[in-house]
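Worksheet: the structure to be examined is printed underneath.
The values are calculated or read from the model by the stated rules, or taken from the named source; none is laboratory data. Keep in mind it's a predicted model, so treat the numbers as computed, not measured. Using ideal geometry, Cβ is built from the backbone for each residue, glycine included, and neighbour counts are taken over all protein chains shown.
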Amino acid sequence: MTRVRFAPSPTGNLHIGGARTALFNWLYARSKKGKFILRIEDTDKVRSKKEYLDEILVSLKWLGFDWDEIYHQSERFGIYREHAEKLLREGDAYTEKTEGRGEAIIYKVRPQKIKINDLIRGEIEFDSENIKDQVLIKSDGTPTYNFACVVDDATMDITHVIRGDDHISNTPKQILIYQALGFKIPEFAHLPLILGAEGGRLSKRTGATAISDYRKMGYLAQALVNYLLLLSWAPGENREIIDIDEAIKLFDIKDVNKTAAAFNLEKLKWINNQYLKNADTEALTDVIIPLLLEKELIEKDNFDRNYILSIVKLFQARLGTLADFADWADFFFAKDIKIDPQAEKKFLSRDFSREFGLFVQKLEALDEFNITAIEEAFRSLIKELSMESKTLIHPIRVALTGKTVGPGLFEVIYYLGKERTKERLLQRVRRS
RNA sequence: GUCCCCAUCGUCUAGCCUGGUCUAGGACAAGAGCUUUUCAAGCUCUCGACACCGGUUCAAAUCCGGUUGGGGACACCA
């Protein structure tokens, strides 16, 4: 039975890199019909925080990575000590006393070559002469990362250790301990790192890194997972949009790339748009409503869901993120619209009192207020005024929406309704 | 400094294992145009890469070696 694990440390939020490691472990487990185990590496009592743990679990669930078992290292200190004492008895480790502190247990590294056969990279060889003796149990009684990791992976029957590239140099140290303890050595697969846009380490400066931040920014979990997947694996046949169930079928750890990949927000946004435009509009409306409430564009228990649904439909194909909706469609909900100063300057610096006034009259005269009728009214007006349609369309759009971009004008007018359209246009009419 | 990993368009990648079908394919971004109602949607087109040097071979993006470049690790952090 394949057993893999994701072992986050609750000393910070779940970030892009961690999510990617979790993704490949989870994907591997599901593709092999094995188990995905979550292990919380909370041996650092000072830096580990409950709120980080909660955030990590919520983010993993949001991404859809359900786990089969969960363990906390802080509950297993006895197990680590037992194993360390075994090494002590067998002469593979020694103790060292530091002033003012307790006694540390240290593993004695003996000369040898260490080979690992990485599932992604092939054979990697190390010489133990480059490895110092390893502290197993610190003088405060807590285990070190490399030791707890080995004891846990072995006792939890982990068959495949899939983790970031940055752990390659930990691997020989850990193999030494596996051997000393007589444990079976698991398979290793080291994933390439994700770099920031400028090639360096992924940091706050190169964009938000916490998964919860992407959620807040309006990215869909499926889109984020899809993007992360593409960062070092390709489904083939030039496909980019792939749902997780299909990825489970096609995934093979051997196909994972060796090269570090730069994180690119533009592409993430594009993928997010692909998911957004294909999303079920009803479901999309339900996730958008809370965002509108938050922005106070609608009031709790006092909004027309069907109306919101029709507006969502209007914007769905062009949204980059969910947050874009509130920014782009605000004029459908706000009482006082914000006019973009640039737009005002460009399209409303001249007086359109006459044109707007006449257009309002045309709209008033309509028997039926629908998109076709509105367009016909507009077309007849520009004909009478011998104007080009765009010279009037843009000013009207800015007066109604405050923006230079948006859905088709006649749809905007229709969904805005006759009253609000009139009101916003007449605000621009100077009485003489 | 020592050890380790990596190297195809600006970015993500396909191809590499099993050399010829590669004047290297796709996507994002960028640029141009169309959509005579905008673009932040759609469509069309353009720009753009096998890091370098040597070797093996009839033939190398593909195999081998080196150089250069990038990244990572060297804690009683995880």
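Candidates A:Ile70, A:Ile37: the one that is under 17 Å from A:Ala148 (Cα atoms), within 16 Å of RNA strand B (Cβ to nearest atom), buried (at least 17 other Cβ atoms within 10 Å of the Cβ) and under 31 Å from the mean Cα position of the chain (by Cα) is A:Ile37.
Each residue in the stretch A:110-128 was checked for being in a loop (DSSP other than H, G, I, E, B) and closer than 23 Å to A:Phe251 by Cα, and 3 of them qualify. Whenever a residue of the stretch A:230-255 is near RNA strand B (Cβ under 8 Å from one of its atoms), its partners that are aliphatic (A, V, I, L, M) and part of a loop (DSSP other than H, G, I, E, B), lying with C-beta atoms within less than 6 angstrom and at least six residues away or across chains, give the pairs A:Ser232/A:Val256; A:Trp233/A:Val256. Each residue in the stretch A:147-171 was checked for being near RNA strand B (Cβ under 9 Å from one of its atoms), among the aliphatic types (A, V, I, L, M) and either within 22 Å of A:Phe77 (Cα to Cα) or free of Cβ contacts under 8 Å to residues at least 40 places away in the same chain (or both), and 1 pass. Remark: A:Leu268 matches the filter, which requires a residue to be buried (at least 19 other Cβ atoms within 10 Å of the Cβ), within 12 Å of RNA strand B (Cβ to nearest atom) and at pLDDT 95 or above. Scanning the stretch A:172-201 for residues that are closer than 19 Å to A:Ala22 by Cβ, buried (at least 21 other Cβ atoms within 10 Å of the Cβ) and within 9 Å of RNA strand B (Cβ to nearest atom) yields A:His190, A:Ile194. All of (1) assigned to a helix (DSSP H, G or I); (2) farther than 23 Å from A:Leu314 by Cα hold for A:Ile374 with one exception: (2).
Whenever a residue of the stretch A:31-45 is in contact (Cβ under 8 Å) with a residue 60 or more places away in the chain and farther than 11 Å from A:His160 by Cβ, its partners that are of a type in the set (Phe, Trp, Tyr) and not in a loop (DSSP other than H, G, I, E, B), lying with C-beta atoms within less than 6 angstrom and at least six residues away or across chains, give the pairs A:Arg39/A:Tyr71. Scanning the stretch A:321-369 for residues that are farther than 24 Å from A:Phe303 by Cβ, small (Gly, Ala, Ser) and within 16 Å of RNA strand B (Cβ to nearest atom) yields one hit, A:Ala343. If you go through the stretch A:87-110 and keep only what is surrounded by fewer than 17 Cβ atoms within 10 Å (Cβ to Cβ) and either in contact with a Ser or Thr (Cβ under 6 Å, 6 or more places away or on another chain) or within 12 Å of A:Pro172 (Cβ to Cβ) (or both), you end up with A:Thr98, A:Arg101, A:Gly102, A:Glu103. Consider A:Arg354 carefully, then state whether it is in a loop (DSSP other than H, G, I, E, B) and exposed (fewer than 14 other Cβ atoms within 10 Å of the Cβ). Answer is no for this residue. Only residues that are in contact with a Leu (Cβ under 7 Å, 6 or more places away or on another chain) and crowded, with 19+ Cβ neighbours inside 10 Å were counted across the stretch A:225-241, and they come to 5. Considering every residue within the stretch A:404-416, establish whether at least one is away from RNA strand B (no atom under 14 Å from the Cβ) and not aliphatic (A, V, I, L, M). No - not one qualifying residue is present in the stretch A:404-416.
Out of everything in the stretch A:277-293 that is free of Cβ contacts under 8 Å to residues at least 24 places away in the same chain and in a helix (DSSP H, G or I), what residue ends up being surrounded by the most Cβ atoms within 10 Å (Cβ to Cβ)? Looking at residues that are free of Cβ contacts under 8 Å to residues at least 24 places away in the same chain and in a helix (DSSP H, G or I), I get A:Ile289. Being more than 25 Å from the chain's Cα centre (by Cα) and exposed (fewer than 15 other Cβ atoms within 10 Å of the Cβ) is the requirement here; does A:Gly122 meet it? When the stated conditions are applied, A:Gly122 passes them.
Looking across the stretch A:132-146, just one residue is more than 8 Å from RNA strand B (Cβ to nearest atom) and over 16 Å from A:Thr43 (Cβ atoms), and that is A:Asp133. The residues of the stretch A:74-109 that are part of a loop (DSSP other than H, G, I, E, B), of a type in the set (Asp, Glu) and more than 13 Å from A:Leu181 (Cα to Cα) amount to a single one, A:Glu99.
Residues in the stretch A:10-28 that are closer than 15 Å to A:Leu57 by Cα and either within 15 Å of the chain's Cα centre (by Cα) or at pLDDT below 95 (or both): A:Thr11, A:Gly12, A:Asn13, A:Leu14, A:His15, A:Ile16, A:Gly18, A:Ala19, A:Arg20, A:Thr21, A:Ala22, A:Leu23. For A:His83, state whether it is surrounded by 17 or more Cβ atoms within 10 Å (Cβ to Cβ), within 29 Å of A:Thr259 (Cβ to Cβ) and more than 10 Å from RNA strand B (Cβ to nearest atom). So A:His83 does not fit the description; no. Within the stretch A:336-384, the residues that satisfy the criterion of being among the hydroxyl-bearing types (Ser, Thr, Tyr) and touching a helix residue (DSSP H, G or I) at 6+ places or on another chain (Cβ under 9 Å) are A:Thr372, A:Ser380. Filtered by the rule that a residue be of a type outside the set (Phe, Trp, Tyr), within 16 Å of A:Lys33 (Cβ to Cβ) and surrounded by 13 or more Cβ atoms within 10 Å (Cβ to Cβ), the stretch A:242-265 gives A:Ile244, A:Ala247, A:Ile248, A:Leu250, A:Ile253.
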